[in-house]
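Structure record follows, encoded as C-alpha cells.
The values are calculated or read from the model by the stated rules, or taken from the named source; none is laboratory data. What you see is a predicted model; the values in this text were computed from it and never measured. Note that we place each Cβ from the backbone using ideal geometry, even for glycine, and neighbour counts take in every protein chain shown.
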Amino acid sequence: MAVTLDIAHRSSPVEPASETPSLIGLDRDDLAAALLSAGVPERQIRMRIAQLWHWLYVRGVSDFDAMTNVSKDLRKLLAEGFSLARPEIVSEQISVDGTRKWLIRFPPRGAGRPVEVETVYIPEEGRGTLCVSSQVGCTLTCTFCHTGTQTLVRNLTAEEILAQIMVARDRLGDFPDAETPQGAIVPSEGRLISNVVMMGMGEPLYNFDAVKKALLIASDGEGLSLSRRRITLSTSGVVPMIGRTGDEIGCMLAISLHAVRDDLRDELVPINKKWNIEALLDACRAYPGLSNAKRITFEYVMLKDVNDSLAEAKELVRLLKGIPAKINLIPFNPWPGSPYECSDWERIEEFADVVNRAGYASPIRTPRGRDIFAACGQLKSETERLRKREREALEAGA
C-alpha cells in the first residue's frame, strides 16, 4: 500500500517567500563575487570557496553554524546576507515498490504565487536514480505525457534544480553522518543517489543555461561528485541545443523518440513539426563523444495499436543504423483522461526481440511508482501562472 507523508510547514500561499539569496546553485565564480560583496577579503576568497564548497556539497549542511572550520564572525556575516535553506517539501509519497515522490515548493519568482514541482527517487539493485525537473509545467504538449497537460509556468533556476538533489539526499540520509529512514528501500551499498536523470517535468534544453550550471556543479569532483556518465539529459528533440549539451555539459543523452514516422511523431511529440526525425537523428550522429562506451538512449513509449507494430520495430532499427544506441521500451503509464492504452506485454516482448536481434540493447523499463503517479510520463503539479491583474491584486493585498 502506498504511503503519503504530509510534511509541509504550512503557510498561506499569499505570504511573500523569503528572497534572501542562496549560496546553493552558485558556481565558483559566482561564489567568489558573493563573498567579495559580503566583505570577505580578496586574499581569503580561494580558501573560503573551498571551505564552503565542501560544507555545501560534500557535507550537505543547511546551517552556517555547522561549518566548524569557518570563524564565528564569518559565519555570522554569511548568515546575515545569504541562505542555505532547503525548499519546502509539501508532501512525500512512498510507493509499494520503494519509489519516492516529493512535491517541492519554490518561491514565485515572477509566477505570481509559489510554484511546485515533482521529483522522484527510484531505488534499484546497485543504484538509485533521481528524476529531476527543469521547468514548472511544459510547453511541448506531448499527447502521451501528463506533464504536457500543464502549461509552462516558469523555468527553474540552477539553485532550484540542485535543491531537488539536496532535498532527496537529505530525506534518504545520503550525506555523511546522516541516517537513512528505517525501512527505506535503497541500494545495499554505495551512494543512495548514484544516477541523476533530467527526465522530470519540463524540457531541459528550453532551460539550457540553468540546467548546464546545475549539472556542472552536480558533477564537480570536489562536491556532489556525480559522474557525468551517470547523469542523463532527456530531450524531446531541441535539435540546435543537442551539440551544445555534449560540448558544454558532457553528460549522457536520451532522446524521447516514440515514433518512426514524421506524421505520427508530429502527433505524439509536436516539436517534431519544427525539427523532424531526420534532423534529430543527424544531430544525434554528431553528438560530441558519441561511441559504444557513450551511447545515446532512445526512449520509446509503447502505445497499443499506435506505434507498436513489428513493422515499426524494423523501421526503428533501420533509422538508428550507425548510431551507438540503447533503446528503452517504456510501457505506457496511464493517467486520468489519457487517450492511450499500454501495449500488450506479449507485443512489447515481440517488439524488443526485433530490436535485440538487430544488435541493440533493448531493455523493457519496469514501471515504477505507478500507484503514486511517479512513473515515466505521470508527473504534474497543480501550479498555474497568475495573470498580471491577479498578481498585482495579490501583492496589493499582502
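So which of V269, V317 ends up being over 22 Å from L130 (Cβ atoms), touching a residue at least 24 places away in the same chain (Cβ under 8 Å), β-branched (V, I, T) and touching a strand residue (DSSP E or B) at 6+ places or on another chain (Cβ under 7 Å)? Full working, then the answer.
Values: V317 fails: touching a strand residue (DSSP E or B) at 6+ places or on another chain (Cβ under 7 Å).
Among V269, V317, only V269 is over 22 Å from L130 (Cβ atoms), touching a residue at least 24 places away in the same chain (Cβ under 8 Å), β-branched (V, I, T) and touching a strand residue (DSSP E or B) at 6+ places or on another chain (Cβ under 7 Å).
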Over the range 293-312, the set of residues touching an Asp or Glu at 6+ places or on another chain (Cβ under 8 Å) and surrounded by 20 or more Cβ atoms within 10 Å (Cβ to Cβ) is M302, L303
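Would a scan of the range 80-98 turn up a residue that is small (G, A, S), within 24 Å of A158 (Cβ to Cβ) and in contact with a strand residue (DSSP E or B) (Cβ under 8 Å, 6 or more places away or on another chain)? Write out each step before concluding.
From the range 80-98, those small (G, A, S) are 81, 83, 85, 91, 95, 98; that's our starting set.
Within this subset, residues satisfying the condition of being within 24 Å of A158 (Cβ to Cβ) are 81, 83, 85.
Checking which are in contact with a strand residue (DSSP E or B) (Cβ under 8 Å, 6 or more places away or on another chain) leaves us with 83, 85.
Yes.
Please tell me if S343 is among the hydroxyl-bearing types (S, T, Y), under 27 Å from T99 (Cα atoms) and in contact (Cβ under 8 Å) with a residue 12 or more places away in the chain.
Working: among the hydroxyl-bearing types (S, T, Y): yes; under 27 Å from T99 (Cα atoms): yes; in contact (Cβ under 8 Å) with a residue 12 or more places away in the chain: yes.
For S343, the condition - among the hydroxyl-bearing types (S, T, Y), under 27 Å from T99 (Cα atoms) and in contact (Cβ under 8 Å) with a residue 12 or more places away in the chain - is met.
Being of a type outside the set (A, V, I, L, M, F, W, C), surrounded by fewer than 20 Cβ atoms within 10 Å (Cβ to Cβ) and in contact (Cβ under 8 Å) with a residue 40 or more places away in the chain: is that true of N195 here?
On the way: of a type outside the set (A, V, I, L, M, F, W, C): yes; surrounded by fewer than 20 Cβ atoms within 10 Å (Cβ to Cβ): yes; in contact (Cβ under 8 Å) with a residue 40 or more places away in the chain: yes.
Yes, satisfied.
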If you go through the range 301-310 one residue at a time, do you hit one that is of a type in the set (D, E, K, R), in contact with a helix residue (DSSP H, G or I) (Cβ under 6 Å, 6 or more places away or on another chain) and under 27 Å from H146 (Cα atoms)? yes
Given (1) of a type in the set (K, R); (2) closer than 30 Å to N272 by Cβ; (3) in contact with a Leu (Cβ under 7 Å, 6 or more places away or on another chain), R113 misses just (2)
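From the list T141, T119, T151, pick out the single residue that is polar (S, T, N, Q) and under 17 Å from the mean Cα position of the chain (by Cα). Write out each step before concluding.
Details: T141 fails: under 17 Å from the mean Cα position of the chain (by Cα); T151 fails: under 17 Å from the mean Cα position of the chain (by Cα).
Only one candidate qualifies: T119.
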Those residues of the range 91-112 which are farther than 15 Å from M166 by Cβ, β-branched (V, I, T) and surrounded by 18 or more Cβ atoms within 10 Å (Cβ to Cβ) amount to I94, T99
Flagged in the range 153-179 as among the β-branched types (V, I, T) and either in a helix (DSSP H, G or I) or at pLDDT 95 or above (or both), in numbering order, are T157, I161, I165, V167
Filter the range 200-221 for residues that are in a loop (DSSP other than H, G, I, E, B) and among the charged types (D, E, K, R); the one that is nearest to S256 (Cα to Cα) is E203
Checked the range 152-173 for anything crowded, with 22+ Cβ neighbours inside 10 Å and of a type in the set (D, E); matches are E160
